[in-house]
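The values are calculated or read from the model by the stated rules, or taken from the named source; none is laboratory data. Note that the coordinates shown come from a computational prediction; the quantities given were computed from them, not determined experimentally. Cβ sites come from the backbone with ideal geometry, for glycine too, and all protein chains shown count toward neighbours. To get the accessible areas, we keep the full protein, side chains included, count just its heavy atoms, and leave off ligands, DNA and RNA. Shrake-Rupley method; radii C 1.70, N 1.55, O 1.52, S 1.80 Å.
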Amino acid sequence: MKVVVIGTGFVGVVSAAVFASFGNDVVGIDIDPTKIEKLRRGEVPFFEPGLSELLVSEQTAGRLSFTTDYSSAVTDAEVCIIAVGTPSGASGRADLTYVYAACESLAPYLKENAVVVVKSTVPPGTLQSVRERIAAHTKVSFSVASVPEFLREGTAVADTLHPDRVVIGVQEEYAFERLATLHEPLKAPIVRVVPESAQMGKYAANSYLALRIMFINQIADLCEHTGADIDEVIGIIGKDARIGSHYWYPGPGYGGSCFPKDVKEIAEYSKQVGETETLFITLHQLNEARLPRLFKQWTRLVGGWEHKKVAVLGLSFKPETDDLREAPSLKVIPRLLELGATVVGYDPQAVAVAQRYFGEKSGLSFTEGLSEATADADVIIVLTEWKEITSFAFPATTNKKVFFIDTRNQFSTQKLQELGYIYQGIGKGKSRV
Ligand code: UGA
């Protein structure tokens, strides 16, 4: 099948490469010529395990190519997938500028009975405007569909190849048949719905997962008042088959390019349709308040930050990515510097991206090695659970107090205490402060 993927960001590149690997003829389009040049050379502009290899093999096999030219790519395409960014606008509402721009750019070249798929996360009801914008620039008949994406950064290729379900929101039968054929090699259950359900389903899935994280974070906070251990509590509730113990670890609040944005957007959407007292509004506020709350606790624990050397380990928002969007490091590091600490940042992949985010700052440096980052540190803060960090053999402390703040509960309290550290996890028994 001839497929065009518009937008070569995270979702676009992964989808294009995976559909090509199924034997389709795929062209990725982007308006940024530098990005396209890089992709042609097989360079992925971000770190994602396994993606670069797939990109190179599909281009070499001649099934995948990249261009900035809509006319040559769209003319023959049976399916056009829009996978451009939908950042949150100032009000928190999804900014659909790029989606509409893609519609207007592809419309004049659309083939008769082409199917235009919106993969970008968009509020329910958007497909009607997509249809109108395309119709204004073409005379051919076409169909529009909503096929939301559920992949996670860091495991994007595997998630795309083995999804729990494929959701196809579409009205026309021929369009459904074509999209079902395109996704058939995935051997995943196909859920056919109306487009509005597909869009609402995406927001619902992300906001439910975000809610789950916030819920366990709050239970963890309560544990610190009672002497209970959050891991033991998860062990108890997880045995209830209705609840389960997966996707359920406490931490510094959810981050990344999706949950914070999608929760904000569904909160904004709720207000817009007159539902002014929703869970989503509160959820967003609670997540925003999470790190400042933890930071206060850490400040009490270490007795102030002035002249302390702090090793911040894990700069990306989660392991296996160099993405810093809404990462805890972006909030923690500036606050530490403000309060007089010297900060050394370490991350297995995200140091270069972090350097771009932070620029030159007095008191802040980055290292390529864990030993170097933690040498002489007064405080070690683990913000992301990279394997390199969680499996590192932290040496015994020598003759000074060293605080170890583990925001992902990845380390054994007892072991670190035996090594001489003053350990602080999340919800691990009665707080010392
Ligand atoms: C998330 C969803 O998991 C995907 O299904 C969805 O497709 C994607 O958003 C999207 O909308 O594009 P992602 O943001 O890559 O994927 O990362 P997650 O692994 O879900 O983690 C999100 C945040 O929650 C991270 O900050 C992570 O540290 C945090 N988290 C996750 C926890 O604090 N506890 C958990 O148990 C799980």
(message) Name the residue from SER57, VAL193, LEU106 whose Cα lies farthest towards the positive end of the charge dipole of the chain, charges +1 on Cβ of Lys and Arg and -1 on Cβ of Asp and Glu.
(response) VAL193
(request) Report the charge-dipole magnitude of the chain in Debye, nearest 20, computed about the Cα centre from +1 at each Lys and Arg Cβ and -1 at each Asp and Glu Cβ. (result) 900
(message) Helix-only mean residue ellipticity at 222 nm, the chain, DSSP H runs n ≥ 4 weighted -39,500 (n - 2.57), per residue, nearest 500. What is it?
(response) -13000 deg cm²/dmol
(message) If you take every residue apart from VAL115 with its C-beta less than 9 Å away from the C-beta of VAL115, what net charge results, scoring Lys and Arg +1 and Asp and Glu -1?
(response) -1
(message) For a quick check of understanding: with a 1.4 angstrom probe and all protein chains in place, what accessible area in square angstrom does LYS35 have, to the nearest ten?
(response) 60
(request) Taking the Cβ of ASP95 as the centre, find all other residues whose Cβ is under 14 Å away and add up their charges (Lys, Arg: +1; Asp, Glu: -1). (result) 0
(message) Please list TYR174, TYR100, TYR208 from largest to smallest accessible area, probe radius 1.4 Å, with all protein chains kept in place.
(response) TYR208, TYR174, TYR100
(request) Return the Cα extents of the chain along principal axes one, two and three, sorted largest first, each rounded to a whole Å. (result) 76, 46, 38
(request) Quick one: compute the contact order of the chain, relative version, from alpha carbon pairs under 8 angstrom and 6+ residues apart, as a percent. (result) 12
(request) Taking the Cβ of SER52 as the centre, find all other residues whose Cβ is under 12 Å away and add up their charges (Lys, Arg: +1; Asp, Glu: -1). (result) -2
(request) Report the antiparallel proportion of the DSSP beta bridges in the chain as a percent, rounded to a multiple of 5. (result) 10
(request) Rounding to the nearest 20 debye, state how big the charge dipole of the stretch 376-425 is about its Cα centre with +1 on each Lys and Arg Cβ and -1 on each Asp and Glu Cβ. (result) 80
(request) Decide, for the stretch 257-297, between rounded, prolate and oblate: order the square roots of the alpha carbon gyration tensor eigenvalues as a ≥ b ≥ c, take rounded if a/c falls under 1.5, and otherwise choose prolate if a/b is larger than b/c, else oblate. (result) oblate
(message) I'd like the accessible area for LEU54, computed on protein heavy atoms only with a 1.4 Å probe and all protein chains in place. Round to 10 Å², please.
(response) 30
(request) Report the accessible area of ARG131, computed with a 1.4 Å probe over the heavy atoms of all protein chains in place, in Å² rounded to the nearest 10. (result) 70
